[in-house]
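Read the structure below first, then the notes.
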Amino acid sequence: MKDFSGKTAVITGGASGIGFALAKAAADRQMNVVLADIEENALLTAVEYFEERQTQILGVLTDTRQKSALEHLRDEATAKFGNIHLLFNNAGVVNGGPPKPVWDLPDTDWDWVMGVNFYGVLGGVQTFAPHMVAHGEEGHIVNTASIASFIPGSVPYGISKYGVIILSEALANDLETAGGTIGASVVCPGWVNTKIGDAERNRPREFKSDTNPANSGLGINELLAGSKSPEALAAYVFDAVEKDQFYIFPHAGWDYLVTEHAAAMVARGPVFKFDLAAHIATRTDGKDI
């Protein structure tokens with residue numbers, strides 16, 4: 001997709017972080033922008049930001065775990081702007097609290113994280129792809145995964161994001177088979193300076209965690225503070241969309257993790273290990289992580 005002006009972009013998780021930066025990049029390209037978010041106050045603030053800059057904007061309160069909410073988002077977006085051309089299935093959360101063995105993580109953690117990170121993306125694909133294929137105009141779907149897909153122990157977050165990679169590969173193949181003009185990408189960011197570590201603030205009451213009753217965050221804000229800005233990431237993603245690039249890995253400093261993880265698998269040896277402290281130390285060498 002190369003022509004953005006006058007087209008419409010829908011962005012889930014669009015009121016903050018990566019989603020808000022993607023929205024700004026879309027607005028810079030003279031697109032109509034539809035923001036979907038579960039955090040009402042942040043959504044209202046984001047819409048006001050774009051209204052002050054004369055962007056054609058629509059904000060829709062959306063719980064991406066609910067397919068009916070995504071269908072409402074589609075209907076509101078098409079009612080205001082017509083055809084949707086660029087879809088960012090971007091909303092994501094990570095569970096906080098103290099580390100637990102995988103067998104001790106409560107079902108509520110799995111249900112919440114998988115519901116937003118995987119089923120929210122699947123629902124977005126199921127809801128918007130038929131519309132985008134049917135209208136026949138140029139378009140693109142970008143699903144947000146994570147480099148955490150390749151880090152052992154990053155559960156349930158990493159599992160949900162690895163599922164997004166496989167889902168996106170299926171989507172790309174199916175779009176090609178459909179013979180339309182809709183492309184697809186999956187973006188696997190490393191660390192980005194967002195408040196993803198505070199995602200517990202948006203945990204629904206019905207998913208209360210007995211092992212994390214205070215809804216404490218992940219405690220990674222200081223770590224992320226020195227990382228890539230959301231705006232730099234958004235610029236990278238839009239450049240990849242223009243090039244019709246499927247695999248988007250914006251942080252070259254993580255490339256070794258993907259290749260070493262794959263090498264360990266085909267070597268049929270012991271489980272792959274990740275040295276977090278050694279990885280953090282690569283920042284002093286100027287690595288983009």
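The values are calculated or read from the model by the stated rules, or taken from the named source; none is laboratory data. Computed from a prediction, not measured in an experiment: that's the story for all the values here. All Cβ positions, even for glycine, are placed from backbone atoms using ideal geometry, and neighbour counts span all protein chains on display.
Give the residues of segment 96-115 that are within 12 Å of residue 160 (Cβ to Cβ) and at pLDDT below 95, sorted by residue number.
none
Identify the single condition in (1) under 17 Å from the mean Cα position of the chain (by Cα); (2) crowded, with 23+ Cβ neighbours inside 10 Å; (3) closer than 12 Å to residue 125 by Cβ that residue 182 does not satisfy, given that it satisfies every other one.
Checking residue 182 against (1) under 17 Å from the mean Cα position of the chain (by Cα); (2) crowded, with 23+ Cβ neighbours inside 10 Å; (3) closer than 12 Å to residue 125 by Cβ, the one that fails is (1).
Taking the conditions exactly as written (under 30 Å from residue 103 (Cβ atoms), β-branched (Val, Ile, Thr), crowded, with 19+ Cβ neighbours inside 10 Å and in the same structural domain as residue 115 (by TED's automatic domain parsing)), does residue 196 satisfy them or not?
Working: under 30 Å from residue 103 (Cβ atoms): yes; β-branched (Val, Ile, Thr): yes; crowded, with 19+ Cβ neighbours inside 10 Å: yes; in the same structural domain as residue 115 (by TED's automatic domain parsing): yes.
Considered against the rule, which asks whether it is under 30 Å from residue 103 (Cβ atoms), β-branched (Val, Ile, Thr), crowded, with 19+ Cβ neighbours inside 10 Å and in the same structural domain as residue 115 (by TED's automatic domain parsing), residue 196 comes out as yes.
Would you pick out the residues in segment 231-286 that are touching a Gly at 6+ places or on another chain (Cβ under 6 Å) and buried (at least 17 other Cβ atoms within 10 Å of the Cβ)?
Scanning segment 231-286 gives 251, 254.
Can you list the helices (runs of 4 or more DSSP H) found entirely within segment 159-266 that contain at least 2 residues being touching a strand residue (DSSP E or B) at 6+ places or on another chain (Cβ under 8 Å)?
Passing ranges, in order: 230-242.
How about segment 175-188: which of its residues are in contact (Cβ under 8 Å) with a residue 12 or more places away in the chain and over 22 Å from residue 38 (Cα atoms)?
Hits for segment 175-188 are 175, 178, 180, 181, 182, 183, 184, 185, 186, 188.
Going by the structure shown, is residue 41 assigned by TED's automatic domain parsing to the domain that holds residue 94 and either within 24 Å of residue 134 (Cβ to Cβ) or charged (D, E, K, R) (or both)?
No; evaluated as a whole, the condition is false for this residue.
Looking at 90, 95, which is the one that is under 18 Å from residue 154 (Cβ atoms) and of a type in the set (S, T, N, Q)? Step through it out loud before you land on a result.
Values: 90 fails: under 18 Å from residue 154 (Cβ atoms).
The unique qualifying residue is 95.
Got a sec? Which helices (runs of 4 or more DSSP H) wholly within segment 31-132 have at least 2 residues that are over 17 Å from residue 206 (Cβ atoms) and out of contact with any strand residue (DSSP E or B) (no Cβ under 6 Å at 6 or more places or on another chain)?
Here the list reads 40-52, 67-81.
Which count do you get for residues in segment 127-157 that are closer than 20 Å to residue 243 by Cα, touching a helix residue (DSSP H, G or I) at 6+ places or on another chain (Cβ under 6 Å) and of a type outside the set (A, V, I, L, M, F, W, C)?
Residues that pass the stated criteria total 3.
On the basis of being assigned by TED's automatic domain parsing to the domain that holds residue 36, closer than 29 Å to residue 278 by Cα and in contact (Cβ under 8 Å) with a residue 40 or more places away in the chain, does residue 141 make the cut? Can you show your working first?
Values: assigned by TED's automatic domain parsing to the domain that holds residue 36: yes; closer than 29 Å to residue 278 by Cα: no; in contact (Cβ under 8 Å) with a residue 40 or more places away in the chain: yes.
So residue 141 fails the test.
Which residue, of 225, 252, 235, is touching a residue at least 24 places away in the same chain (Cβ under 8 Å), within 20 Å of the chain's Cα centre (by Cα) and within 29 Å of residue 85 (Cβ to Cβ)? Let's see the steps before the verdict.
On the way: 225 fails: within 29 Å of residue 85 (Cβ to Cβ); 252 fails: within 29 Å of residue 85 (Cβ to Cβ).
Going through 225, 252, 235 in turn, just one is touching a residue at least 24 places away in the same chain (Cβ under 8 Å), within 20 Å of the chain's Cα centre (by Cα) and within 29 Å of residue 85 (Cβ to Cβ): 235.
Here is a yes/no grid of residues against (1) closer than 28 Å to residue 245 by Cα; (2) among the charged types (D, E, K, R); (3) buried (at least 18 other Cβ atoms within 10 Å of the Cβ):
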site	(1), (2), (3)
13	yes, no, yes
19	yes, no, yes
26	yes, no, yes
37	yes, yes, yes
46	no, no, yes
55	yes, no, yes
59	no, no, yes
65	yes, yes, yes
72	no, no, no
